[in-house]
Amino acid sequence: MRITTGYLVLLGLTMMLLFSLFSIKDELKTARTLFFWADEQTTRHPLTSYQPITVTYENKRVELYDGLRRDDLTPRTLPKKVEQAFVAIEDQRFYQHDGYDITGILRAFTKNQSDSKSQGGSTITQQLARMTYLTNEKTYTRKIKELLIAVSLEQKYSKKELMTAYVNQAYFANNIYGIELAAKSYFNKPARELSWSEISFLTAIPNNPSLYDPLRFPENTKKRQQRIVQALIRDRVLTKDFAISRVSPRSYKPSVPYPDYIDATVQAAVRMTAQKKGWSEKHAAEYLHQQGAVISTYLDSAEQRRAKEALRNLPNPIEGAYVGIDGQTHGVTALVGYKSNLTGQFNRAVQSYRQPGSAIKPLLVYGPYLEKTKARLSSTLDGSPVCIDGYCPSNSGNRILGQVTIADAIAYSYNTPAIRAFAVSFREGLKSIRPFQFSQWTREDDAFTSALGGLQYGISPYELTNAYSVFVNDGIYRPASMIKSITLKNGTVERPQEKEQRIWSSQTNRELRAGLKNVMTYGTGRKGYDSSARYIGGKTGTTNDNKDMWFVGIKNQHIGGIWLGADRPRPFPVEANATLQVQTWATILRP
């Protein structure tokens, strides 16, 4: 019966292989065979020990691994106990097979037929191939790729090197990668000092980090720990009388300085590399680690600290985000997206997209209108009630207006004159907004509702603040960046290659700057006015029911953008009426 089952499994694997030849043919155009393809993957992206991505600012250095810290072992420092534990539970024939194990596949197959709990059958080398080169999608195609890459890895590396890479990349829950960091995080000691009870406990986690999370589900972890100990006894590594000692993992919270800024910087570096090389972001991240990339940034730690403190002092349940940009260098000097100091949080500065309200008017409405009509701030617009294409906006407080100057329309954020101006320069407005590359802008946003910030999905604080840099640069837009340069160990230095684009004329830009200054001197931003500044200007924005509070301001050559609100939108009428966002901005940029 076992022989028959074995033949059936081998026949099935052969059919899967033939089927997969067709499903991944597009990826194999430059490779002569599947085996050459696998070899190409492991050659192009060597299985080397990760080096830290180092982020520098103000002559300081922060070492990171995938935005998190990771302490890699080497084949010489890999504890034998760790090796024995993983072999016992994950891959009993690790030292005998060539990357795949037919015996293990058959064992998993027969086990799965008789047991509701499925077994994977993947060797440690196959798991390493999946972690390093592939995704976790459960398809026949991926399984074949995994097997072929595993064979290629076995031909290039020793068993010790493969095991070391595996334990360094394994995920131990709670944003912890690698056995060394897991040992330090949960037990406050290096892996070489772990007891058998501690090793068997940690070895339980990577199989299913969510299920075996030692902080959330310690009982699950202990049950698998017992299975690991039994496997070690079976392999005669431990004696039958071995008793598991009680272990108490501590709560670990990974922390790096300025995590929201640094997380966003590493992500930007990965995207920049992926775009330049034509790679996936996963391979770009691998490359940066293998090259020990050093990322030089524009971070101003003082501004970052002030912004973090200001957002922490907001009344509950208000959340916020802040982005600071130096208009001369086009460098992002501060980026705060959450109140905590932990890594891996939802970063509102770059990940939250909200309707910008009237903060979009200078970009979408008044800039294009002034450019097209050659009007001045002293020119007037009709502010009486208006309906266009069934859209009938009102002014704050349902105020009825007559003729108003453009200066007052901007300063007091009137809606009805803005809609009339947008009707005149509708096409020009939509054209001028394109260079800002608002990532969530859709065709549905090419509408009159957008003039007042009523967008389908919204804009991030990073995007809106970035766009306002046009007012500091004479009507010319160049995207800002956190990155000055990326230096690789091979000597290559990469820099952002951002192109400049003129959005409107110098004359139009001067008028807009004067209009934004009026907002601060007598308009909706007057609570943020600073008479000592050489120049100060900005624009407020609120959405329906005051669910979002925006302010993007310019002080001298510095742009600062802030958003306040809640992740689940709710009204904040008192705070909006007090222009809390303007006061918070002023606190951050106070000299």
One residue from Ile318, Ile262, Ile295 being closer than 30 Å to Thr579 by Cα, hydrophobic (A, V, I, L, M, F, W, C) and crowded, with 20+ Cβ neighbours inside 10 Å: Ile262
Name the pairs whose Cβ atoms lie under 9 Å apart, with the first residue in region 538-549 and closer than 18 Å to Ala418 by Cβ, the second of a type in the set (Lys, Arg), and 6 or more positions between them or separate chains? Gly538/Lys517; Gly538/Lys555; Lys539/Lys361; Gly541/Lys361; Thr543/Arg354; Asp548/Arg354
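Restricting to region 346-399, give me the number of residues that are of a type in the set (Asp, Glu) and either buried (at least 18 other Cβ atoms within 10 Å of the Cβ) or modelled with pLDDT under 95 (or both).
Looking only at that region, the number is 2.
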Could you grab me the full set of residues in region 400-422 that are assigned to a loop (DSSP other than H, G, I, E, B) and either exposed (fewer than 13 other Cβ atoms within 10 Å of the Cβ) or within 38 Å of the chain's Cα centre (by Cα) (or both)? Ile400, Gly402, Tyr412, Ser413, Tyr414, Asn415
Helices (runs of 4 or more DSSP H) contained in region 211-298 and holding at least 3 residues under 29 Å from Lys80 (Cα atoms): 218-234, 281-290
Taking Lys484, is it of a type in the set (Lys, Arg), touching a Ser or Thr at 6+ places or on another chain (Cβ under 7 Å) and not in a loop (DSSP other than H, G, I, E, B)? yes
Number of positions in region 273-292 that are buried (at least 18 other Cβ atoms within 10 Å of the Cβ) and under 25 Å from Leu342 (Cβ atoms): 5
Does Asp71 satisfy being among the acidic types (Asp, Glu), at pLDDT 65 or above, part of a loop (DSSP other than H, G, I, E, B) and surrounded by 14 or more Cβ atoms within 10 Å (Cβ to Cβ)? yes
Determine, yes or no, whether Tyr366 is assigned by TED's automatic domain parsing to the domain that holds Arg526, touching a Gly at 6+ places or on another chain (Cβ under 7 Å) and touching a residue at least 40 places away in the same chain (Cβ under 8 Å). yes
Scanning region 186-210 residue by residue, those among the aromatic types (Phe, Trp, Tyr) and under 14 Å from Phe86 (Cβ atoms) turn out to be Trp196, Phe201
Apart from one, (1) more than 19 Å from Met520 (Cβ to Cβ); (2) in a helix (DSSP H, G or I); (3) hydroxyl-bearing (Ser, Thr, Tyr) all hold for Ser358; the odd one out is (1)
Which members of region 541-583 meet the condition of being of a type in the set (Val, Ile, Thr) and either in a strand (DSSP E or B) or surrounded by fewer than 23 Cβ atoms within 10 Å (Cβ to Cβ) (or both)? Thr542, Val552, Ile554, Ile559, Ile562, Val574, Thr579
Give the residues of region 487-519 that are at negative phi, part of a loop (DSSP other than H, G, I, E, B) and not aromatic (Phe, Trp, Tyr), sorted by residue number. Leu488, Lys489, Asn490, Thr492, Arg495, Pro496, Gln497, Glu498, Lys499, Glu500, Ile503, Ser505
Failed item in (1) part of a loop (DSSP other than H, G, I, E, B); (2) within 26 Å of Val582 (Cβ to Cβ); (3) within 21 Å of the chain's Cα centre (by Cα), with Val350 passing the rest: (1)
Across region 529-568, what is the number of residues that are touching a Ser or Thr at 6+ places or on another chain (Cβ under 8 Å) and not hydrophobic (A, V, I, L, M, F, W, C)? 10
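The values are calculated or read from the model by the stated rules, or taken from the named source; none is laboratory data. Treat the numbers as computed from the prediction; the structure is a model and nothing was measured. Glycine gets a Cβ as well: all are built from the backbone with ideal geometry, and neighbour counts include every protein chain shown.
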